[in-house]
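K.L.:
One structure follows; several queries about it will come next.
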Amino acid sequence: MDRGLIERFVAGGEQLRRAVSKLSHEDLLATPGPGKWSVQEVVIHLADSDAIAIDRMKRILTEDDPHLLYADETAYVERLHTHEQAPEDALLLFEVGRRQWARVLRRLPDEAFLRQGTHNRSGQVTLGGLVASYVKHVDDHLEFVLGKRANLGKPLA
């Protein structure tokens, strides 16, 4: 596995914090597009998604071919009161979770990244594949956040 992915995984926290910096409460809740979610919903989604992802990765390391269940991101956003949650707390959870998990990832031998689990929708996934997919996951959502900022007239300098 490309171990540079671990550092990119960690950097996602700082990148997300920077992407939402200096946005007002109203800006965080606005839905200017692209996409249907507000910036706050994206931040809460990423914190929720990372909690699930890190659990999946832990299970891949500690169990033999664990069953990994799908989580309905739309239901999370719609039913878990994302607009009443604190975006700063979600950012902190996201950053700390990634920093803490990276401490484990950095110590693993290369063969550990080949360990597998079975996702009930995606089939076989590896630890290394999950790290890469969650780097991309943040990159994809950062594009949305930056687009939303631009549409709010508050592009990131």
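K.L.:
Lys154: within 20 Å of Gly35 (Cα to Cα) and over 21 Å from the mean Cα position of the chain (by Cα), yes or no?
P.N.:
So Lys154 passes the test.
K.L.:
Further, regarding this structure: Look through the range 13-37, keep the residues that are in contact with a helix residue (DSSP H, G or I) (Cβ under 7 Å, 6 or more places away or on another chain) and free of Cβ contacts under 8 Å to residues at least 60 places away in the same chain, and return whichever of them is nearest to Gly153 (Cα to Cα).
P.N.:
Among those residues, the one meeting the criterion is Leu28.
K.L.:
Consider only pairs whose beta carbons are under 6 Å apart and that are at least six residues apart or on different chains; among these, list those whose first residue lies in the range 77-93 and is within 16 Å of Asp27 (Cβ to Cβ) and whose second residue is charged (D, E, K, R) and part of a helix (DSSP H, G or I).
P.N.:
Pairs found: Thr82/Glu41; Leu91/Arg17.
K.L.:
Would you point out which residue out of Ala90, Ala102 is open to solvent by less than 40 Å² (accessible area, probe 1.4 Å), modelled with pLDDT of 95 or more and in contact with a Phe, Trp or Tyr (Cβ under 7 Å, 6 or more places away or on another chain)?
P.N.:
Ala102
K.L.:
Moving on. If you scan the range 2-37, which residues turn out to be small (Gly, Ala, Ser), surrounded by fewer than 18 Cβ atoms within 10 Å (Cβ to Cβ) and assigned to a helix (DSSP H, G or I)?
P.N.:
Gly4, Ala11, listed by residue number.
K.L.:
Also, quick follow-up: Would you check which residues across the range 138-151 are buried (at least 17 other Cβ atoms within 10 Å of the Cβ) and either among the β-branched types (Val, Ile, Thr) or within 13 Å of Ser49 (Cβ to Cβ) (or both) and list them?
P.N.:
Val138, His141, Val145
K.L.:
Could you please let me know if Ala53 is open to solvent by less than 80 Å² (accessible area, probe 1.4 Å), of a type in the set (Gly, Ala, Ser), within 19 Å of Gly128 (Cβ to Cβ) and in contact (Cβ under 8 Å) with a residue 60 or more places away in the chain?
P.N.:
Considered against the rule, which asks whether it is open to solvent by less than 80 Å² (accessible area, probe 1.4 Å), of a type in the set (Gly, Ala, Ser), within 19 Å of Gly128 (Cβ to Cβ) and in contact (Cβ under 8 Å) with a residue 60 or more places away in the chain, Ala53 comes out as yes.
The values are calculated or read from the model by the stated rules, or taken from the named source; none is laboratory data. Just so it is clear, the structure is predicted and the values come from calculations on it, not from any experiment. Reconstructed Cβ throughout: ideal geometry from the backbone, glycine too, with neighbour counts over all protein chains shown. Heavy atoms of the whole protein, side chains included, go into the accessibility calculation; ligands, DNA and RNA do not. Shrake-Rupley method; radii C 1.70, N 1.55, O 1.52, S 1.80 Å.
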